[in-house]
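Colleague: Sharing a structure here in structure tokens format.
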Amino acid sequence: MNYWFPPAEGFDVCPQWTIPNTRRSTDFSITYVVEFRRCPLLLLEIKPPADFFVDSGREAAIIQVIQRFDEVGPTNHYLERLYGISAIGKRWRAAYVSKGSSSKNGQPVGDLAEVSSLRSAEEGCWNPDVTSDTSYKVFEDMVKTIKGPLTNLVSRYLFLPIVSIDIISLYRNSEFYGLYCCSL
């Protein structure tokens with residue numbers, strides 16, 4: 001993930017990311033989360049390969065990402081989309097929710113699998129190989145979509161200190177107001 005979201009550009013790949021303000025006593029962390037200025041951009045849940053061969057394993061993986069969207073999605077006021085990936089061994093699927101939305105408005109990422117569905121556990125909804133050329137292209141397009149609105153921001157403001165009076169006046173005058181709100 002650090003290849004696609006390098007720390008030098010202001011991204012953090014956070015293992016075992018704790019869901020903020022969660023009321024749950026179990027299952028309150030996400031395997032990996034890609035953040036920019038402490039704002040989640042991409043949620044990644046990984047399951048063992050054997051889970052794919054039973055319906056309940058695929059269903060559990062889908063339900064987990066949907067629950068993550070329900071927990072994190074409504075607090076996303078920073079970017080147009082929050083992405084989620086569920087991976088079981090080499091198989092994976094991706095989806096997104098729009099700014100401030102839960103899984104109710106979630107959409108699968110197109111051009112990834114034979115069948116396009118957010119909630120189906122059908123095997124055809126999963127891309128069979130994360131190392132394939134198709135997977136690379138789909139993930140590259142997702143990264144471009146995620147980083148697109150941030151590119152100008154990264155190049156202009158990356159080296160400004162987060163805790164300073166200058167950043168406060170900067171974020172109030174910026175079109176990226178929401179991005180700064182989550183880092184102050």
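Colleague: List the lysines whose Cα lies under 22 Å from the Cα of LYS144, skipping any in the same chain that are fewer than 8 positions away.
Modeller: Within the straight-line limit of under 22 Å, LYS144 reaches these lysines: LYS99.
Colleague: I'd like the Karplus ³J(HN,Hα) series for the range 58-65: coefficients 6.51, -1.76, 1.60, θ = phi - 60°, whole numbers in Hz, and an x wherever there's a Gly or Pro.
Modeller: 5, 4, 4, 5, 5, 4, 4, 5
Colleague: Please list, or write none, the aspartates and glutamates whose alpha carbon is within less than 20 Å of the alpha carbon of LYS104, excluding same-chain residues fewer than 8 places away.
Modeller: Of all the aspartates and glutamates, those that pass the test against LYS104 - Cα under 20 Å, at least 8 places apart if same chain - are GLU45, GLU59, ASP70, GLU71, GLU80, GLU122.
Colleague: How about LYS137: which lysines have a C-alpha closer than 21 Å to its C-alpha, ignoring those fewer than 8 places off in the same chain?
Modeller: Those lysines meeting the cut-off are LYS90, LYS147.
Colleague: Okay, next question. Test of understanding: ordering TYR78, TYR3 by Cβ neighbours within 10 Å, fewest first, what list do you get?
Modeller: In order of increasing Cβ crowding within 10 Å: TYR3, TYR78.
Colleague: So for the pair ASN2, VAL130, with labels modelled 7 Å out along Cα→Cβ, what separation do we get in nm?
Modeller: That separation, rounded to one decimal, is 1.7 nm.
Colleague: For THR145, THR131, THR18, THR31, which order do you get if you count the other beta carbons within 10 Å of each Cβ and list the fewest first?
Modeller: With the fewest neighbours first, THR145, THR131, THR18, THR31 line up as THR131, THR18, THR145, THR31.
Colleague: Here is a follow-up. If you take all C-alpha pairs in the range 7-159, what percent of them are over 25 Å apart?
Modeller: Of the Cα pairs, 27 percent sit more than 25 Å apart.
Colleague: Based on other C-beta atoms within 10 Å, arrange TRP4, TRP17 from fewest to most.
Modeller: TRP4, TRP17
Colleague: Shifting gears a bit: Given the Cα-Cα distance of GLN16 and SER98 and 0.36 nm per residue of separation, how much length would full extension add, in nm?
Modeller: Net length gain for the segment: 27.2 nm.
Every number here is computed from the coordinates shown, using simple stated rules; none is lab data. Treat the numbers as computed from the prediction; the structure is a model and nothing was measured. Backbone-built Cβ (ideal geometry, glycine too); neighbour counts: all protein chains shown.
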